[in-house]
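Remarks on the structure that follows.
Read-outs: derived from the displayed coordinates by stated rules, not from any lab. For clarity, every value in this text was computed on a predicted model and none was experimentally measured. Quick reminder, even Gly has a Cβ in these numbers, built from the backbone with ideal geometry, and neighbours come from all protein chains shown.
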Amino acid sequence: GAVVSQHPSRVICKSGTSVKIECRSLDFQATTMFWYRQFPKQSLMLMATSNEGSKATYEQGVEKDKFLINHASLTLSTLTVTSAHPEDSSFYICSARGRTGRSYNEQFFGPGTRLTVL
Amino acid sequence: AQSVTQLGSHVSVSEGALVLLRCNYSSSVPPYLFWYVQYPNQGLQLLLKYTTGATLVKGINGFEAEFKKSETSFHLTKPSAHMSDAAEYFCAVSTKSSGDKLTFGTGTRLAVRP
């Protein structure tokens, strides 16, 4: 139980285009989802926290207009990188936390999405 | 504010040897502490966590960690390394007051020599 998926696993796009990454909780209802980015050989940096049905809370230094987060249902959150540039190339990882049981006590991580902007 | 320091970005051990990955934290309130493992191009998998209660925590794959408040440490150990343990390991801290947001250390890459 408590499985989180991400789609796509890899994406390559041209500079200036927008890319959408999906994060789904497959077997539990995710009341809270977190989005992280990870640069090569570095740690995970929290970008934003989203609660179902409300606006995301962004960490300091993260541009909310560039990284659009939508958490429209209890099983799906999306991250859209708008007008992507090469410096946005990174590994994006989501995690989800539920409201009951095991999923309430810890975050479950998706497998990540490797974004490459040419 | 909370933070995590992982000493040693790279650790190399022989197969069968003791694994010790160091983690020190800083928190003004009681912390929740976690160890995660990440294999290449994959997300994170929880190895173990400490919230309250027993300070020696046992996790998956034979790993364990001990919460030492006096030393503000949460070092990860495994008595005998296996080749499959080669991965990146992250220590993380969260607190109730931070809304359970995880703050990660910079990670330690574990290599296991045959």
Legend entry - Cysteines, chain A, no other Cys beta-carbon under 4.7 Å: A:CYS13
Inset, instruction - Could you check which residue among B:ASN41, B:ASN61, B:ASN24 shows the biggest mean-square fluctuation in a GNM of chain B with a 10 Å Cα cutoff? - result: B:ASN41
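Could you give the dipole magnitude of the stretch B:6-114 about its Cα centre, charging the beta-carbon of Lys and Arg +1 and that of Asp and Glu -1, in debye to the nearest 20?
Working: 10 positive and 7 negative charges, 36 e Å.
Using Cβ point charges on Lys, Arg, Asp and Glu, the stretch B:6-114 gives about 180 debye.
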Legend entry - Calculated from backbone phi, Karplus (6.51, -1.76, 1.60) coupling profile of the stretch B:101-109 in Hz, x at Gly/Pro: 6, 8, 10, 9, x, 7, x, 10, 8
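Under the Kirkwood approximation applied to all pairs of distinct alpha-carbon atoms, what is the hydrodynamic radius of the protein assembly as shown in Å?
About 18.2 Å, per the Kirkwood formula over Cα pairs.
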Inset, instruction - Work out the count of Lys pairs in the protein assembly as shown where the Cα-Cα distance is under 22 Å, with the pair 8 or more places apart or on different chains. - result: 27
Inset, instruction - Note down, for the stretch A:1-81, the three equivalent ellipsoid semi-axes (square root of 5 times each alpha carbon gyration tensor eigenvalue), biggest first, whole angstrom. - result: 20, 15, 14
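Taking only the Cα atoms of the stretch B:53-114, how large is their convex hull per residue, in Å³?
Working: hull volume 7.1 nm³, N = 62.
In the stretch B:53-114, the Cα convex hull volume per residue is 114 Å³.
Please report, in debye to the nearest 20, how large the charge dipole of the protein assembly as shown is about its Cα centre when each Lys and Arg carries +1 at its beta carbon and each Asp and Glu carries -1 there. Working shown, then result.
Details: 23 positive and 16 negative charges, 11 e Å.
Around 60 debye, computed over the protein assembly as shown.
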Legend entry - Alpha-carbon Rg with Dmax, taken over the stretch A:37-100, Å: 12.3, 40
Legend entry - Extension gain, B:SER98 back to B:THR55 (0.36 nm per residue minus Cα-Cα distance, nm): 13.3 nm
Legend entry - Karplus-derived HN-Hα couplings along the stretch A:24-39 (A = 6.51, B = -1.76, C = 1.60, θ = phi - 60°), whole Hz, x at Gly and Pro: 10, 8, 7, 9, 7, 8, 8, 6, 9, 10, 10, 10, 10, 10, 9, 7
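What is the fewest-to-most order of A:HIS85, B:HIS75 by other Cβ atoms lying within 10 Å of their Cβ? Could the numbers behind the result be given before it?
On the way: A:HIS85 11, B:HIS75 19.
Neighbour counts put them in this order, fewest first: A:HIS85, B:HIS75.
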Legend entry - Projected label distance in nm at A:LEU76 and B:SER80, using a 7 Å step from Cα toward the beta-carbon: 4.9 nm
Legend entry - Amide proton proximity set for B:GLY107, modelled H, under 5 Å, gap of 5+: B:GLN6, B:CYS91
Inset, instruction - Report the residue, chosen from A:GLY53, A:GLY98, A:GLY61, that carries the largest GNM mean-square fluctuation when chain A is represented by alpha-carbon nodes joined by springs under 10 Å. - result: A:GLY61
Legend entry - q = 0.18 Å⁻¹, the stretch B:23-62: log10 I(q)/I(0) [Debye, one scatterer per Cα]: -0.61
Legend entry - Amide N proximity, the stretch B:86-102 versus B:SER28 label position 7 Å along Cα-to-Cβ, cut-off under 19 Å: B:93-102
Inset, instruction - Report the paramagnetic label zone for B:LYS69: residues of the stretch B:93-114 whose backbone N is under 17 Å from a point 7 Å from Cα along the Cα-to-Cβ axis. - result: B:94-97
Legend entry - Projected label distance in nm at A:ARG99 and B:SER3, using a 7 Å step from Cα toward the beta-carbon: 3.8 nm
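Can you give the Rg/Rh ratio of chain B, where Rg is from the C-alpha atoms and Rh is the Kirkwood radius?
On the way: Rg = 13.5 Å, Rh = 14.1 Å.
Looking at chain B, the ratio lands at 0.96.
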